[in-house]
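Engineer: This is the structure I want to talk about, given as structure tokens.
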């Protein structure tokens, strides 16, 4: 008996040792080792590395073993991860392709937002008798699409060459714009206890002004000054960062998230506006930083918000919300894609790709909890839904591309 107890203590001692370490540097080193290890493992079994990063966060984070704990360093690096993911997505997107797919993106983003919003609200208010404000907020959480998740999955699966990719990214942007507009209205309603059409119109005006100013700067001013930063001596990488941060600040001022500005900055700094030499240099550096460092930390840190207690107290509601989130988003986005004359394979890919939530939902849920719009229960529900649906795009797209005959051929069909 004594021998068993000593052996058990020995097994637990490494975990107990790491739990008592509060050094951010050691914490970060452990995160990087886990990210690298799971990435290698999941590539060996031909799965997207992002799945390994998410699972590693669950196992070694606060949800289970509690070896890796959230700290300021990981928080800052994960925020940088979102920023860099979006900026690099803009770099890899041809602005003319995005313009060509603009109508499809608007249709997919709009239907992909409102169908899950209405479905989530209806389920909560009709079947579970949830209050109107809580039901609206849960519906909003189900309607969100995380651009950063889409970008990482599309990159991991080598899908940048398909014509459907600009539609997915553009639709995610439309989705987020609608999300922040509705969210602003809900916040105004919660604070003043009355719906304000003025607040909604003001939010929409700021959004339109942001995109108008961004397009003007990107198409008129940027080509004039970028030629002065096309040499090695001109610090093109630093210049790219400054431009990305500037666009990010403009997005924040408009009431959007900084990642929308980062994407717009990358879009206008793409290959069509930069010299090829500068584009390749900037792109290589951003790939290394984004997918080798800060991007994986962001996905690892998503698991820090997992609370397993919700499985005991609200399991039925949780399961239904996860199913509604996936099915409603898939139906809304895919049917809109078909209506926009995209083929069946592209519509299916779009529907599943739009299901990733993650960062944006966590941001919205955190603000809602802080303002008292929702309580701890609904916060935990939204966080758990966000986490589970983050697995949908990589798993579903991986299955479609590898196991469903004709999908790859249909994706490149014009």
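We did not get these values from a lab; they are worked out from the coordinates using the rules stated. Small disclaimer: the values here were computed from a predicted structure and weren't measured. All Cβ positions, even for glycine, are placed from backbone atoms using ideal geometry, and neighbour counts span all protein chains on display.
Engineer: For each of 357, 285, 338, count neighbouring Cβ atoms within 10 Å of the residue's Cβ, then give the residues from fewest to most.
Structural biologist: Ascending number of Cβ neighbours within 10 Å: 285, 338, 357.
Engineer: In whole Å, how far is the Cα centre of region 136-181 from that of region 37-88?
Structural biologist: With region 136-181 and region 37-88 each reduced to a Cα centre, they are spaced 20 Å.
Engineer: Show me 304-315, 167-178 ranked by packing, highest mean number of other Cβ atoms within 10 Å first.
Structural biologist: In descending order of packing, they fall as 167-178, 304-315.
Engineer: Once fully extended, how much extra length lies between residue 44 and residue 216, figured as 0.36 nm per residue of separation less the alpha-carbon to alpha-carbon distance?
Structural biologist: The residue 44-residue 216 span can extend by a further 57.4 nm.
Engineer: Now, a different point. At residue 344 and residue 402, where each label point lies 7 Å from the Cα along Cα→Cβ, what is the point-to-point distance in nanometres?
Structural biologist: If labels sit at residue 344 and residue 402, their model points lie 2.3 nm apart.
Engineer: Continuing with the same structure: Could I get the Rg over Rh figure for region 41-190? Both from C-alpha atoms, Rh via Kirkwood, rounded to two places.
Structural biologist: 1.02
Engineer: Find how much the distance from residue 249 to residue 37 grows on full extension, using 0.36 nm per residue of separation minus their present alpha carbon separation; answer in nm with one decimal.
Structural biologist: 72.8 nm
Engineer: Now for a separate question. Sticking with the crude label model, points 7 Å out along Cα→Cβ, report the distance from residue 30 to residue 132 in nm, one decimal please.
Structural biologist: 4.8
Engineer: Same structure again: Need one number for region 303-394: average projected area of the convex hull over its C-alpha atoms, nm².
Structural biologist: Reported value for the Cα convex hull: 6.4 nm².
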